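Visitor: One structure follows; several queries about it will come next.
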Amino acid sequence: MSRYPSPIVLMYHGTPKETPISRYSLQARLFKKHIQYFKKNGWHTALFRDLLDIKSLPEKTVILTFDDGYLDNYLGAYLPLLENQMKATWFIATKHISNSANWLPFRSPQNDLLSHVQILDMHRNQMEIGSHTCSHRELPSLHLNAQIDELIHSKKLLETLTNSSVTSLAYPFGRYNTDSLIAAREAGYNLACTTQPGWLHLEPNPLLIRRITIFSGDDDKILARKLSFADNDVSWPKVMRYYSDRVLDRLGLVKSE
Ligand SMILES: [Zn+2]
């Protein structure tokens with residue numbers, strides 16, 4: 001079996017020039033290191049929607065996803081990716097386009113979001129634009145019909161903007177319930193992603209795709225471990241535990257908790 005059993009999906013947020021305020025954002029200079037790491041180590045990038053044809057993806061495929069569509073992604077992620085002929089998928093909360101991520105607990109210019117013109121430019125240069133709902137509210141806090149509204153209206157707006165179909169979704173805050181899955185299907189999404197870490201299974205539930213979270217301190221060494229272990233926590237104690245479990249497993253010893 002390959003060391004990299006399946007495509008792996010990473011979740012990014014902001015990519016500011018300055019030190020990030022949010023632990024979910026990655027400074028632009030570190031994102032450039034991620035790009036160099038992918039290039040040097042033979043990783044291919046694909047769009048999130050390419051998972052629909054998962055078997056056609058080469059070994060060592062990484063799918064880069066950006067939630068919320070921060071303005072600093074334009075210079076900090078989109079242009080560097082384009083320069084390196086790489087692709088990524090952006091999940092946009094349509095009510096907040098050209099505005100600010102007002103659901104965050106702090107105010108900062110780092111919360112500013114992409115404009116319609118920028119999103120269209122990215123779409124025209126082969127990036128995928130997916131939905132992150134209209135309002136960025138937690139879907140489980142809404143009734144089924146309100147969830148369907150969020151998913152249909154954001155999809156329609158992005159389809160009008162890009163003049164092409166939008167079939168990918170990311171649940172805000174990674175939160176979903178049974179109604180969310182019904183709403184996603186009803187609204188016509190083929191694929192949706194959560195924030196649960198881990199490998200994709202051979203036949204993953206297309207509305208519950210796992211992603212690995214990238215945090216502000218994730219340099220290329222931590223990135224390398226995340227790609228190897230498909231986990232958010234790749235601290236050395238956890239990694240060592242992984243190896244010792246494998247050794248015990250090979251020796252046929254039962255691991256005690
Ligand atoms: Zn979000």
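Visitor: Students often get this wrong, so check it: of Lys32/Lys221; Lys55/Lys155; Lys55/Lys156; Lys55/Lys226; Lys17/Lys40, which have C-alpha atoms separated by over 18 Å?
Guide: Result: Lys55/Lys155; Lys55/Lys156; Lys55/Lys226; Lys17/Lys40 exceed 18 Å.
Visitor: Take the alpha carbon atoms of the stretch 202-221, find their center, do the same for the stretch 42-56, and report the distance between the two centers in whole angstrom.
Guide: 14
Visitor: Using only the alpha-carbon atoms of the chain as identical scatterers, what base-10 log of I(q)/I(0) does the Debye formula give at q = 0.09, 0.16, 0.17 Å⁻¹?
Guide: -0.39, -1.21, -1.35
Visitor: Also, quick follow-up: Rounded to whole Å, give me the distance from the Cα center of the stretch 67-98 to that of the stretch 136-157.
Guide: Each part reduced to its Cα centre gives a spacing of 22 Å.
Visitor: Hey, another quick one. Where in the stretch 37-72 does the amide nitrogen come within less than 18 Å of the point 7 Å from the Cα of Leu104, taken along Cα to Cβ?
Guide: Of the residues in the stretch 37-72, 65-72 have backbone N under 18 Å from the label point off Leu104.
Visitor: Mind jotting down the three principal axis lengths of the stretch 1-107 based on Cα atoms? Whole angstrom, largest first.
Guide: Principal-axis extents of the stretch 1-107 (Cα, largest first): 47, 27, 23 Å.
Visitor: Further question on the same structure: With 10 angstrom as the radius, rank Arg225, Arg107 by how many other C-beta atoms surround their C-beta, starting from the fewest.
Guide: If I rank by nearby Cβ atoms, fewest first, I get Arg107, Arg225.
Visitor: Ok, one more. Pairing the Cα long axis of helix 236-250 with the longest principal axis of the chain, what angle in degrees results, from 0 to 90 and rounded to the nearest 10?
Guide: The angle comes out near 50 degrees.
Visitor: Would you calculate a helix-derived [θ] at 222 nm for the chain, using -39,500 (n - 2.57) for each DSSP H run of n ≥ 4 and dividing by the full residue count, to the nearest 500?
Guide: -9500 deg cm²/dmol
Visitor: A follow-up question, please. Between His44 and Asn145, what length in nm is gained on full extension when 0.36 nm per residue of separation is reduced by their alpha carbon distance?
Guide: Extra length available between His44 and Asn145 comes to 32.5 nm.
Visitor: Cα-based Rg (one decimal) and Dmax (whole number) for the stretch 59-111, in Å?
Guide: That works out to 12.9, 41 Å for Rg and Dmax.
Visitor: From the C-alpha coordinates alone, can you work out the Kirkwood hydrodynamic radius of the stretch 79-146, in Å?
Guide: 13.6
Visitor: Under unit Cβ charges (Lys, Arg +1; Asp, Glu -1), what dipole magnitude, rounded to 20 debye, does the chain have relative to its Cα centre?
Guide: Approximately 720 debye in magnitude.
Every number here is computed from the coordinates shown, using simple stated rules; none is lab data. Since the structure is predicted, the reported quantities are computational estimates derived from the model, not experimental observations. Every residue, glycine as well, gets a Cβ built from its backbone with ideal geometry; the counts of neighbours run over all protein chains shown.
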